[in-house]
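Heads up: the structure comes next, in structure tokens.
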């Protein structure tokens with residue numbers, strides 16, 4: 001065995017050891033932020049800039065906001081907080097009495113984490129989070145997430161909310 | 001919102017194939033190590049390659065298949081990391097055996113690995129719900145104390161290298177403290193869960209002007225800390241000269257009380273008490289003094305005991321720092337890339353198969369190689385903490401974080417000792433070093449982590465109807 005071969009083997013061994021570590025971190029990476037295929041799938045539902053290609057990508061999230069029927073604010077129409085409003089962003093809105101809720105309503109008939117309003121594919125949904133007194137969309141008590149349109153009353157305890165343009 | 005993030009904490013993916021690929025890679029690395037050692041030392045492919053590599057690889061793959069069937073949701077990274085560390089250890093022991101160190105005994109290490117993996121499988125299989133251990137905290141705590149005290153019994157206790165931490169059973173020797181530390185973590189988890197509120201809320205604030213300095217606990221809540229401190233100092237340091245176990249247990253205790261209460265005052269009080277005791281004991285306990293002197297003045301000629309002064313009174317009475325100094329020379333010799341697996345001259349390090357296996361790795365694989373070893377251990381600890389975060393029950397959170405801290409802290413105590421950051425204590429790197437008790441306890445800790453991660457990552461049982469009264473709960 002020549003010294004050169006041995007040195008090459010030595011370097012190769014160290015390189016393979018590091019490859020092992022890199023792969024291990026790769027396994028964790030997909031554990032932390034989801035598998036790469038899943039994160040690739042996420043931008044796909046908004047293919048508004050298909051012909052534009054890569055440069056128009058950053059503009060894509062803004063595009064839905066220009067649409068006519070898109071609600072922009074969440075307004076409290078009845079209840080202790082009546083008159084307040086909240087801008088709608090990309091993040092879901094948690095409504096409840098808990099301090100960490102996005103919209104903290106001081107309503108005796110609301111649960112700590114009462115309901116959630118979120119957007120998916122440009123539509124807004126309301127979901128009851130297992131509250132004690134229920135969430136009503138119009139006259140109907142929610143059993144699963146339901147799409148909400150502009151002006152439809154969402155009742156939580158004594159509070160009524162609406163999406164506005 | 002927060003419920004949504006909780007459910008995403010660990011996505012319900014099995015990733016068993018990733019585990020298989022990584023385990024195969026770890027086996028490949030072990031075989032590669034054996035080949036490199038054979039080529040470097042003897043210039044030929046090692047004849048026992050398939051004996052060691054094949055048997056070890058077969059065992060690891062069996063362990064993987066077992067996990068695939070009995071704990072399919074467990075963390076995919078723990079088993080490959082343990083396989084890599086264990087394989088590197090066997091490779092190094094085989095290399096030391098080739099280098100003429102009879103005590104290395106790679107074959108016995110391989111047999112012990114097989115036995116440890118069997119115990120690993122048994123724990124994963126039988127302990128379906130680790131939270132059942134919560135029922136008997138005091139019995140398990142008593143068990144830990146008994147295990148720790150057993151070596152003091154005159155008949156079966158055994159002193160090795162000055163530390164009385166071994167049991168001689170005639171046919172074999174075991175080190176009960178390795179198992180006592182796991183029992184202690186179980187006891188502390190159960191105890192902290194029930195006493196957590198008292199330990200974390202009742203307090204007296206010490207203020208200097210407007211600034212809060214410390215939250216002092218009440219005197220009566222100090223009892224567990226005082227008991228732990230007294231045990232670690234009096235029994236372990238003074239009677240048994242087992243500084244490593246003492247440091248390990250007390251450190252784990254502090255970490256767990258911090259995890260349970262989130263109050264840094266416990267750590268400040270604990271560290272002050274521990275180091276205060278060490279300083280106070282220093283002049284009186286001779287073997288403790290020896291350790292400190294060999295640590296602080298390792299390179300002084302009369303401590304190092306070179307051949308020129310063999311009759312020096314210090315050397316005859318107290319031993320010397322040659323082990324530590326030779327280890328440091330090996331670290332220096334290794335440099336960045338090392339001398340190649342099998343290419344170094346590590347036989348002159350005392351106890352190289354045991355405490356100082358890290359120095360041997362450092363000489364042969366260099367900084368580049370031992371960083372991989374450290375990263376593997378760090379990743380293991382990280383996965384353990386992740387399991388603690390993902391679990392829902394308090395007991396499991398405490399248990400998982402305690403065990404991961406134990407693995408990490410033990411690594412620190414060993415490597416800190418070898419690199420002369422802290423005094424030499426005589427613990428072993430998990431999974432790597434020679435020693436049946438240490439290897440077995442490492443695999444037991446891994447089994448507990450695997451079972452806990454399986455239960456934490458398993459998706460919640462689905463209800464059949466939306467609001468039906470009956471649910472099928474899968475166990």
Please find, among B:461, B:430, the residue that is at pLDDT below 95, in a loop (DSSP other than H, G, I, E, B) and out of contact with any helix residue (DSSP H, G or I) (no Cβ under 8 Å at 6 or more places or on another chain).
-> B:461
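Yes/no matrix, rows are residues, columns are (1) in contact with a strand residue (DSSP E or B) (Cβ under 9 Å, 6 or more places away or on another chain); (2) away from every other protein chain (no Cβ under 11 Å); (3) assigned to a helix (DSSP H, G or I); (4) modelled with pLDDT under 90:
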site: B:13; (1), (2), (3), (4): no, no, no, yes
site: B:20; (1), (2), (3), (4): no, yes, yes, no
site: B:25; (1), (2), (3), (4): no, no, yes, no
site: B:29; (1), (2), (3), (4): no, no, yes, no
site: B:33; (1), (2), (3), (4): no, no, yes, no
site: B:40; (1), (2), (3), (4): no, no, yes, yes
site: B:46; (1), (2), (3), (4): no, yes, no, yes
Hey, residue B:362 within 14 Å of chain A (Cβ to nearest Cβ) and either out of contact with any helix residue (DSSP H, G or I) (no Cβ under 8 Å at 6 or more places or on another chain) or crowded, with 22+ Cβ neighbours inside 10 Å (or both) or not | yes
Every listed condition ((1) under 24 Å from residue B:79 (Cα atoms); (2) more than 17 Å from the chain's Cα centre (by Cα); (3) surrounded by fewer than 22 Cβ atoms within 10 Å (Cβ to Cβ); (4) in contact (Cβ under 8 Å) with a residue 12 or more places away in the chain) holds for residue B:169 save (1)
Taking the options B:112, B:84, B:96, name whichever one is within 19 Å of residue B:26 (Cα to Cα), assigned to a helix (DSSP H, G or I) and away from chain A (no Cβ under 14 Å).
-> B:112
Go through (1) modelled with pLDDT of 90 or more; (2) surrounded by fewer than 20 Cβ atoms within 10 Å (Cβ to Cβ) and name the single condition residue B:71 misses.
-> (2)
Name, by its number, the condition in (1) out of contact with any helix residue (DSSP H, G or I) (no Cβ under 6 Å at 6 or more places or on another chain); (2) crowded, with 18+ Cβ neighbours inside 10 Å that does not hold for residue B:189.
-> (1)
Got a number for residues in the range A:110-165 being out of contact with any helix residue (DSSP H, G or I) (no Cβ under 8 Å at 6 or more places or on another chain), farther than 20 Å from residue A:87 by Cα and part of a loop (DSSP other than H, G, I, E, B)?
-> 16
Among (1) buried (at least 16 other Cβ atoms within 10 Å of the Cβ); (2) within 14 Å of chain B (Cβ to nearest Cβ), which single condition is residue A:130 missing?
-> (1)
How many residues does the range A:84-109 hold that are within 12 Å of another protein chain (Cβ to nearest Cβ) and either closer than 26 Å to residue A:122 by Cβ or assigned to a strand (DSSP E or B) (or both)?
-> 9
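The values are calculated or read from the model by the stated rules, or taken from the named source; none is laboratory data. These numbers were taken from a predicted model, which means no experiment stands behind them. Quick reminder, even Gly has a Cβ in these numbers, built from the backbone with ideal geometry, and neighbours come from all protein chains shown.
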